[in-house]
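Please read the structure below before turning to the comments.
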Amino acid sequence: MERTTCLVAGGGPAGIMLGLLLARAGVEVTVLEKHADFLRDFRGDTVHPSTLDLLDELGLGDEFARLPARRLDSIQLPIGGGVAQIASLRHLPGKHKYIAMVPQWDLLDLLARAASAEPTFTLRMSTEVVGLVRERGRVAGVKYRSAAGAGEIRADLVVGCDGRDSVVRAAAGLGTVEWPVPFDAWWFRIPRHPSDPAGAVPVFGDRRAWVMLDRGSYWQVATLIRKGSDEQERRRPLSDVLTSLAALAPWLSDRVDAVASWEDVKLLHVRLDRLRTWHAPGLLCIGDAAHAMSPAGGVGINLAVQDAVAAGRILARPLLTGVMTQADLARVQRRRIFPTKVIQGLQRLIHERGLRPALAGEFNLSGRTRLPLPLRIVLRIPILRSVPPFLIARGVLPEHAPKFARR
């Protein structure tokens, strides 16, 4: 019978980070990842200053800095044929005054290499968690499926890090609270020219909203669509979408045919929910498995990483000594529930006051030569201008690497 001390379901940012931290504490930890590699496009690629600080503390900052990256330090809004800067990260406190746009597979490879240097860490790819093992009223391990067949692994603790469609969460029957979201999102890429604006560029038109992220040689574009309208929208010519975008961002007018087909447009079903209780005997959920986040602000990955750091710091000693209790698991949720509630509250506000009106045509900047009055007022008040970039970049209650994990 296979056995480990901590079994982590899911090799995303939260799962690999937790595995690295626990392994550096000497805990035997096994991470199961259902895919054969980390190569998936249009995953969240925003690494915020709070996570950059953490990588420095782990001794991985220099290696991360060598990865191909684009630094995003401003937000610009197309208006009157030009662009207006509406936010900047350049005045943030700390060393990192930017968001690093790095392919998530590069970040995961970096963390996995660092974790694999620890003798108590095991990463098993192409191994999918399909259920839980229960004994005497508690979760005692997982059932998995791989190319070699089905099996079970027993563990003192199972941690669900398997995302918003978490098998672990569903199998545990943990109750959720969910909020309606008015939109889904399409993701695609179009070429970027050196003369284009830089940074993040939100674009608002007639019942359309886009967010363009500067990736150096290309724009990573998110287009918001009404919730559940994907099938209907795809009956229209794809060129209509890009033509609408170019009407508001004129520098793109020579690229309206840059996306070859609808197959190049990926759909993200947007959800916003949270577990009422993140744990059960022998089980803990963190990251998107505990709280599915909206893409608004691009904070989901960084919030998940912060969960992993808190869990690693709180649970390392109980796992090493074999005296982990429900109270230890509850401490993780108590530590992370406040920032989760704050960020989800802000996302709900963005949905209702910004994105829902944009999809209803109430925030149409077509033909405008000046920013809307509410936005001009915000930009004139330093505290209002500074708080949103700080919350996005630094988050709420940022976590730091425990001493045992620092290098």
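Points to keep in mind about this one:
- Annotation note: of ALA69, ALA65, ALA9, ALA25, the sole residue that is surrounded by 24 or more Cβ atoms within 10 Å (Cβ to Cβ) and under 22 Å from ALA304 (Cα atoms) is ALA9.
- Of the residues examined, SER294 is one that is surrounded by 16 or more Cβ atoms within 10 Å (Cβ to Cβ), of a type in the set (Ser, Thr, Tyr) and either closer than 30 Å to ILE79 by Cα or under 17 Å from the mean Cα position of the chain (by Cα) (or both).
- If you go through the stretch 157-172 and keep only what is modelled with pLDDT of 95 or more and surrounded by fewer than 19 Cβ atoms within 10 Å (Cβ to Cβ), you end up with just ALA170.
- The set of residues in the stretch 88-101 that are within 18 Å of GLY59 (Cβ to Cβ) and buried (at least 17 other Cβ atoms within 10 Å of the Cβ) comprises HIS96, ALA100.
- One residue alone among ALA84, ALA100 is closer than 21 Å to GLY297 by Cβ, at pLDDT 90 or above, part of a strand (DSSP E or B) and of a type in the set (Gly, Ala, Ser), and that residue is ALA100.
- Of all residue pairs spaced 6 or more apart or on separate chains, those with beta-carbon atoms under 7 Å, a first member in the stretch 200-227 that is buried (at least 22 other Cβ atoms within 10 Å of the Cβ) and a second member that is among the β-branched types (Val, Ile, Thr) and outside any strand (DSSP E or B) are THR223/VAL241.
- Test for LEU268: is it touching a residue at least 12 places away in the same chain (Cβ under 8 Å) and under 30 Å from ALA171 (Cα atoms): yes
- Highlighted here are the strands (runs of 3 or more DSSP E) found entirely within the stretch 112-188 that include at least 1 residues which are of a type in the set (A, V, I, L, M, F, W, C) and more than 21 Å from the chain's Cα centre (by Cα): 121-124, 127-135, 138-146, 149-160.
- Entry remark, the stretch 266-288: residues being of a type in the set (Ser, Thr, Tyr) and part of a strand (DSSP E or B) number 0 in total.
- Listed by first and then second residue, the pairs linking a residue in the stretch 330-348 that is over 14 Å from TRP278 (Cβ atoms) and in contact (Cβ under 8 Å) with a residue 12 or more places away in the chain to a residue that is in a helix (DSSP H, G or I) and hydrophobic (A, V, I, L, M, F, W, C), with Cβ atoms under 9 Å apart and 6 or more places separating them unless they lie on different chains, are VAL342/LEU391; ILE343/LEU303; ILE343/LEU391; LEU346/ALA296; LEU346/LEU391; GLN347/ALA296.
- GLY175 satisfies every condition listed in (1) in contact (Cβ under 8 Å) with a residue 40 or more places away in the chain; (2) surrounded by fewer than 18 Cβ atoms within 10 Å (Cβ to Cβ); (3) over 30 Å from LEU319 (Cα atoms) except (3).
The values are calculated or read from the model by the stated rules, or taken from the named source; none is laboratory data. Given the structure is predicted, the values throughout are model-derived calculations rather than measurements. Please note: Cβ atoms are built from the backbone with ideal geometry, for glycine as well, and neighbour counts cover all protein chains shown.
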